[in-house]
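Worksheet: the structure to be examined is printed underneath.
Here, each number is a calculation from the coordinates, and none is a lab measurement. What you are looking at is a predicted structure, and each value in this text was computed from that prediction instead of being measured. All Cβ positions, glycine included, derive from the backbone under ideal geometry; neighbour counts span all protein chains shown.
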Amino acid sequence: MKKIKKIKIKLNGKSKIIKNDYKIKDLISDLKIPIKKVAIELNQEILDKKKLSKIRVKNNDKIEIVHFIGGG
């Protein structure tokens, strides 16, 4: 039986354990976050949403997800 390796990340300031072979798009999908209404920052760099399926999450990455709120 193959053991799934886990890694630790910081998500919006809180520690989270996820499986090793994760991409940013997988994380957003699992969290059920509407991609069009957020900005995503990885290690203090804002990500291009078109590249989320190619960017792998690594151990100790710091991810911030900021939701846009409309108003008037």
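Note on residue 45 and residue 4: with the Förster distance fixed at 22 Å, the Cβ-Cβ geometry gives a FRET efficiency of about 0.20. Pairs over the 19 Å Cα-Cα cut-off, from the set 5/58; 14/36; 37/58: 14/36; 37/58.
Considering just Cα atoms, how many Å³ per residue does the convex hull of the chain enclose? Present the calculation step by step, with values, prior to reporting the outcome.
Values: hull volume 7.3 nm³, N = 72.
Each residue corresponds to 101 Å³ of Cα convex hull volume.
For the pairs 8/62; 23/49; 25/54; 3/51; 10/32; 25/50, note any where the Cα-Cα span goes beyond 20 Å.
Over 20 Å apart, Cα to Cα: 3/51.
Phi-derived couplings, Karplus 6.51 cos²θ - 1.76 cosθ + 1.60 at θ = phi - 60°, listed residue by residue for the range 20-29: 4, 8, 10, 10, 4, 4, 4, 4, 4, 5 Hz, with x used for Gly and Pro. Amide H contacts of residue 22 (H built 1.01 Å from N, in plane; Pro and chain starts excluded): 57 sit under 5 Å, all sequence-distant by 5 or more or on other chains.
So if we plug the beta-carbon distance of residue 25 and residue 69 into 1/(1 + (r/R0)^6) with R0 = 22 Å, what FRET efficiency do we get, rounded to 0.05? Show your work: numbers first, answer last.
Values: r = 23 Å, r/R0 = 1.04.
Working from the Cβ atoms, E equals 0.45.
Can you tell which of 25, 49, 37 shows the greatest fluctuation in a Gaussian network model of the chain with Cα springs below 10 Å? Looking only at 25, 49, 37, the largest GNM fluctuation is found for 37. Derived scalar couplings between HN and Hα for the range 47-54 equal 8, 7, 4, 6, 9, 4, 6, 9 Hz in order, rounded to whole Hz, by the Karplus curve 6.51 cos²θ - 1.76 cosθ + 1.60 (θ = phi - 60°), x for Gly and Pro.
Just want to confirm a number: the relative contact order over the chain, from Cα pairs under 8 angstrom separated by 6+ residues, in percent.
Details: 102 pairs, mean separation 28.9, N = 72.
Worked out over the chain, it gives 40 percent.
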